[in-house]
1. Label region 119-179 by shape, choosing from rounded, prolate and oblate, from the square roots a ≥ b ≥ c of the eigenvalues of the Cα gyration tensor; if a/c is under 1.5 it is rounded, and otherwise prolate applies when a/b is larger than b/c, oblate when it is not.
2. Per residue of region 73-79, in order, report the coupling 6.51 cos²θ - 1.76 cosθ + 1.60 (Karplus, θ = phi - 60°) as ³J(HN,Hα) in whole Hz, putting x for Gly and Pro.
3. Determine ³J(HN,Hα), in whole Hz, for all residues of region 130-144 in sequence, where each value follows from phi through the Karplus function 6.51 cos²θ - 1.76 cosθ + 1.60 and θ = phi - 60°; x replaces Gly and Pro.
4. Output ³J(HN,Hα) for region 112-126: one whole-Hz value per residue in order, computed from phi by the Karplus curve 6.51 cos²θ - 1.76 cosθ + 1.60 with θ = phi - 60°, and x for Gly and Pro.
5. Would you mind calculating the gained length between residue 153 and residue 122 on full extension (0.36 nm times residue separation, minus the Cα-Cα distance), in nm to one decimal?
6. What does the net charge come to around residue 158 if you take all other residues with beta carbon closer than 12 Å to its beta carbon, with K and R at +1 and D and E at -1?
7. Can you list residues whose amide H is under 5 Å from residue 147's amide H, if they're 5+ apart or on another chain and H is modeled 1.01 Å from N?
8. What is the local net charge at residue 119, summed over the other residues whose Cβ is closer than 10 Å to its Cβ (Lys, Arg +1; Asp, Glu -1)?
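What follows is calculated from the coordinates using simple rules that are stated; it is not laboratory data. Keep in mind that this is a model prediction, so the values were computed, not measured. Neighbour counts are summed over all protein chains in view; Cβ atoms, including those assigned to glycine, are modelled from backbone coordinates with ideal geometry.
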Amino acid sequence: MKILSFRLLSIGAFAVFLFSCSGNNDANQQQVTVPPVQPAAPVETVVVQAQPAAQAAPAANAQALPEAVNTFVKQYFPNATIAGVEMDSDHGGVEYDVYLSDGTEIEFDVNNQWDNVDCHTKAVPASLVPKAIATYVSSNYQNMAITKINKEYHGYKIELANGLDLNFDRSGNFIGIDD
């Protein structure tokens, strides 16, 4: 019983101590004067105009690419320059995504062969399209440009200017319309 009384008395004394330290007893409070803050000296602002990355990047990006990739770009897109390059080394080698100044995007596989050419609103160079596919498109979709071509496992997938996707086998025979 004595131990319980002692503990209660100790807890009570500790509580009184805390209360007296944190209370608002005006007689025990002191005023602290804080000196006024002096304003900082004015900071001189310097404006630096950045150069667009696309202007400086093509030469550096083109030099970093394999010769086969540079040759492909020069051969099929002679009026465009390389505006950007992304490298991906996840597949046992290096794959390149090349972005041209005219908006074209080209993906190259680990053997530096094109996998995908996306010209968006412009026609893919005719010499990249297998003859059987070009013949089918000109016969069935007169005056419709092929704006994208992908090499796929089964063959080719192309996109027409109207957004229609067509699938072809490796020989260029029409398989069907892609949803």
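1. Rounded.
2. Karplus-based 3J(HN,Hα) across region 73-79 equals 4, 5, 6, 9, 9, x, 8 Hz.
3. With the stated coefficients, region 130-144 comes to x, 4, 4, 5, 4, 5, 4, 5, 5, 6, 9, 9, 3, 6, 10 Hz.
4. 6, 9, 5, 10, 8, 10, 10, 9, 6, 9, 9, 6, 5, x, 4
5. On the way: separation 31, 0.36 × 31 = 11.16 nm, distance 2.51 nm.
Taking residue 153 through residue 122 to full extension adds about 8.6 nm, to one decimal.
6. Numbers: positive: 148, 151, 157; negative: 118, 152, 159, 165, 178.
Within the 12 Å Cβ shell, the charges total -2.
7. 124, 159, 160, 161
8. Neighbourhood net charge equals -2.
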